[in-house]
Structures are given as C-alpha cells and as structure tokens.
Amino acid sequence: MLVTQEALFKRFWYPVMPKSHLLEQPQGFELLGQKIVLWLDNSGQAVAAHDRCCHRSAQLSKGKIIDGNITCIYHGWQFDSCGTCVKVPQLEDGKPIPKTYKIETYACQERYGYVWVCLGEPLNELPDIAEASDPSFRLIPEFYETWNCAGLRVMENELDLAHPTFVHTTTFGSEEHPIPDAIEVTETDHGIHTSAILGVVNPEQQKKNLKMSEGITTRILDMDWYMPFTCKLRINYPNGLVHIVVNTATPINDSSSQIVQFCLRNDTEAETKAADVVAFDRAVTLEDKAILESTDYDVPLDLKQEQHMMTDQPGIVMRRKLSRLLKGTGNSEQ
C-alpha cells in the first residue's frame with residue numbers, strides 16, 4: 001500500500017507541526033507528497049495552504065507574514081487565511097484584484113499543542129484524548145522527527161506485544177514474557193481497541209520514573225488505534241501510575257513519516273521530571289526506529305503477501321479494516 005496513491009488518506013487528520021514552530025515565521029511541510037505552508041493569522045489561528053504562489057509558483061514558505069497574511073517573497077503578493085489574494089503591489093491603486101488570484105487552503109485545527117491538517121473532506125474527527133483535558137494529568141511533548149518507514153508499520157509495532165523481548169532489550173523487554181499474558185482486540189468506529197497484560201522488566205531509570213523499587217512489573221494496557229496512523233497506549237501500573245503515549249506517524253510520502261509523540265501522566269513534575277520521562281521513552285523509540293527503518297514501506301493489505309502469528313492480531317485487523325474502507329470509498333490498494 002502506497003499512501004500517496006490512495007486518495008482516501010487525504011481525508012484524514014494528521015498533526016503536522018507544533019504550533020510553537022509558527023510563532024515567528026511561516027513553515028513548510030510535506031504531507032502525503034503535497035507541499036504545504038503553515039502560518040498564524042492575525043487572531044493567532046493556524047492556516048494551511050498549498051505551498052506555491054499562483055503567480056510564478058514560488059514557495060510561500062520562504063516568504064513572511066504581514067498583517068496575518070502570507071506574503072510571497074518573489075513579487076510581494078499577499079494571501080489571507082482563506083487563500084484570497086488581498087494585495088498585489090504592482091496593481092494601480094483602486095484597481096480590483098482578479099478573483100482568480102488565489103491559493104488552495106486546507107482544513108486546519110489545533111489540538112494537543114500541534115497543528116492538524118486534512119487535505120480533503122474529513123472522514124472523521126480528530127482523536128479524542130480525554131486525559132488531555134483532565135486536570136489530574138499533565139501533557140509532555142516528546143518527539144517530533146522523521147523516520148524512514150511507513151506509518152502502518154509504526155502502528156502495527158505499537159500494538160505488537162511480541163517484539164519487546166527482542167527489540168527493547170535495554171529498556172523494558174522481558175525474556176520471561178515473549179508474548180502477552182492476555183490480549184483482546186475489539187473493532188471500534190475509529191479503529192480498534194486492544195486490552196492486554198504484559199510482564200516487563202523495571203530498570204533503574206524506570207524505578208525512579210515509576211516510583212517502584214521492584215525489578216519486574218506488569219503493564220495493564222488499554223490501547224486504541226485511530227485510523228489511519230495514530231495510536232494511544234494507556235499503560236496502567238500496579239501502583240496506580242498511568243503513563244499514556246500518543247503517537248502519530250504523519251505520512252510525509254510513501255517511504256517516510258513524521259513521528260509526533262507526546263505522553264500524559266497522572267503525576268507531577270515534582271514527583272518525576274519531564275526530562276527523565278522523555279529520556280526513557282526516547283531510549284524505547286530508538287530501539288523501535290532501528291528496526292522499523294529496515295522494513296519495506298510498501299505494506300501489503302493482502303494478508304497472503306506476508307506471514308503472520310497469533311500476536312499479530314491487532315495488525316491483521318488494521319489491514320482488514322483499511323482494506324474494507326478503501327473498497328467502500330471506491331478506492332483499491334495500489
């Protein structure tokens with residue numbers, strides 16, 4: 001499956017950039033092979049548009065913001081948040097700007113500190129992370145970086161509970177628990193929900209982060225996959241601590257994804273420093289990254305093209321659900 005070849009994927013929401021990156025100047029981004037520009041208008045709202053001036057195709061992301069409008073660096077044309085050209089310095093005073101002077105804009109929302117963009121008519125709502133509005137939880141931004149792999153590989157890996165023993169050898173993988181003690185997968189409107197129990201090791205850094213002295217512990221997991229490339233992993237520990245990882249593999253193109261990850265925890269900075277939380281999760285993700293970047297980015301939805309085992313059930317359901325959705329919307333896997 002090549003995401004840029006399937007029009008369906010333009011109809012989903014993706015976090016493309018932290019809003020803080022837009023405070024001083026416009027920024028460019030590639031989403032599903034499409035060059036877009038992002039900026040903040042006069043009200044501080046994020047705007048997303050095609051990153052080409054309609055005049056001579058210069059990249060608008062190389063321009064600047066004047067009175068909340070994106071200004072082309074080539075000839076000074078200005079476009080507002082609707083994509084309408086509002087100023088052409090070369091026109092005589094009083095002469096109307098032709099209505100054809102405009103750029104394409106895209107649906108844009110802000111949530112969880114990030115700007116989310118949908119290139120087409122949205123099929124769904126943004127993932128609803130209830131804990132983000134719960135005052136007993138704090139939100140910690142973790143990673144914003146490019147990985148050279150397909151988003152579906154990242155999603156399957158998030159819910160694959162057979163890999164920690166072999167991949168996460170320096171973080172939490174347990175040789176005594178090569179498979180989960182229990183796992184249940186349920187289809188939902190937004191994707192799937194998976195409940196599981198997994199035994200893990202508790203290294204020194206985690207003992208400090210979790211406030212647990214035991215060298216081994218159990219993760220009680222509630223995991224949600226939001227189509228197509230967002231996962232929420234709620235990890236419940238025996239001492240009552242909850243650590244939630246929200247991970248999106250925003251598709252840059254067929255072979256690369258922008259990894260957007262933040263976590264939520266029901267403790268405080270005084271109890272566990274955010275930097276320590278990020279440091280451990282960083283070590284975990286680097287172990288994943290090394291493996292995922294070695295995989296084929298053309299992920300087949302046809303289950304016959306790859307072999308499977310019992311613990312692949314979440315990924316199998318993902319592939320079947322995406323396959324049905326593609327067929328139901330008049331698309332087919334390329």
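What follows is calculated from the coordinates using simple rules that are stated; it is not laboratory data. Remember, predicted model here, so these are calculated numbers, not experimental data. Heads up, the Cβs are rebuilt from the backbone with ideal geometry, glycines too, and the neighbour counts pull from every protein chain shown.
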* Structure fact -> Here the stretch 47-59 yields Karplus 3J(HN,Hα) values (6.51, -1.76, 1.60; θ = phi - 60°; whole Hz; Gly and Pro given as x) of 10, 10, 8, 4, 7, 8, 6, 6, 7, 10, 6, 5, 6
* Asked: Can you give the calculated 222 nm mean residue ellipticity of the chain, where each DSSP H run of n ≥ 4 adds -39,500 (n - 2.57) and the sum is split over every residue, rounded to the nearest 500 deg cm²/dmol?
  -> -5000 deg cm²/dmol
* **Difference of contour (0.36 nm per residue) and Cα-Cα distance, residue 107 to residue 325** => 76.3 nm
* **For residue 106, residues with placed amide H under 5 Å, excluding near neighbours** => 48, 49
* Using amide H atoms built 1.01 Å from N in the peptide plane, name the residues 5+ places from residue 31, or on other chains, whose amide H lies under 5 Å from its own. => 36
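Sorted by average packing, counted as other Cβ atoms within 10 angstrom per residue and highest first, what order do 273-279, 129-135, 194-200, 93-99 take?
194-200, 273-279, 129-135, 93-99
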* Structure fact -> Relative to the compact-globule estimate 2.2 N^0.38 Å (N residues), the Cα gyration radius of the stretch 132-177 stands at a ratio of 1.55
* **the stretch 24-36 - phi-based ³J(HN,Hα) in whole Hz, Karplus 6.51/-1.76/1.60, Gly and Pro as x** => 10, 7, x, 10, x, 8, 10, 10, 6, x, 9, 6, 10
* Asked: So, in Å, what gap is there between the alpha-carbon centers of the stretch 14-67 and the stretch 145-215?
  -> 36
* **the chain: Cys lacking any partner C-beta under 4.7 angstrom** => 54, 82, 85, 108, 118, 149, 231, 263
* To do: Please give the length that would be gained between residue 309 and residue 214 if that part of the chain were fully extended, namely 0.36 nm times their separation in residues minus their C-alpha to C-alpha distance (nm, one decimal).
  => 31.0 nm
* With Cβ to Cβ distances under 15 Å as the rule, what net charge do the other residues near residue 216 carry (K, R +1; D, E -1)? -> -3
* Asked: Mind listing the phi-derived Karplus ³J(HN,Hα) values for the stretch 69-81, rounded to whole Hz, using 6.51, -1.76 and 1.60 with θ = phi - 60°, and x for any glycine or proline?
  -> 9, 7, 10, 5, 6, 7, 10, x, 5, 10, 10, 8, 5
* **Crossing angle, helix 274-292 versus the chain [Cα axis fit, 0-90 degrees, rounded to tens]** => 90
* the stretch 226-334: mean projected area of Cα convex hull, nm² -> 9.0
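When only Cα pairs under 8 Å and 6 or more residues apart are kept, what is the percent relative contact order across the stretch 130-328?
28
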* **Neighbourhood charge, 12 Å Cβ-Cβ cut-off, centred on residue 37 and excluding it, Lys, Arg +1 and Asp, Glu -1** => +1
* **Residues whose placed amide H lies under 5 Å from that of residue 298, excluding near-sequence neighbours** => none
* Scattering profile of the stretch 130-328 at q = 0.09, 0.11, 0.16 Å⁻¹ [log10 I(q)/I(0), Debye over alpha-carbon scatterers] -> -0.33, -0.49, -1.09
* Taking one equal scatterer on every alpha-carbon of the chain, how large is log10 of I(q)/I(0) by Debye at q = 0.07, 0.12, 0.15 1/Å? -> -0.33, -0.88, -1.23
* 10 Å-binned pair-distance histogram of the stretch 9-118 (Cα, whole percent) -> 15, 49, 28, 7, 1
* If packing is taken as the mean number of other Cβ atoms within 10 Å per residue, what is the order of 289-297, 49-57, highest first? -> 49-57, 289-297
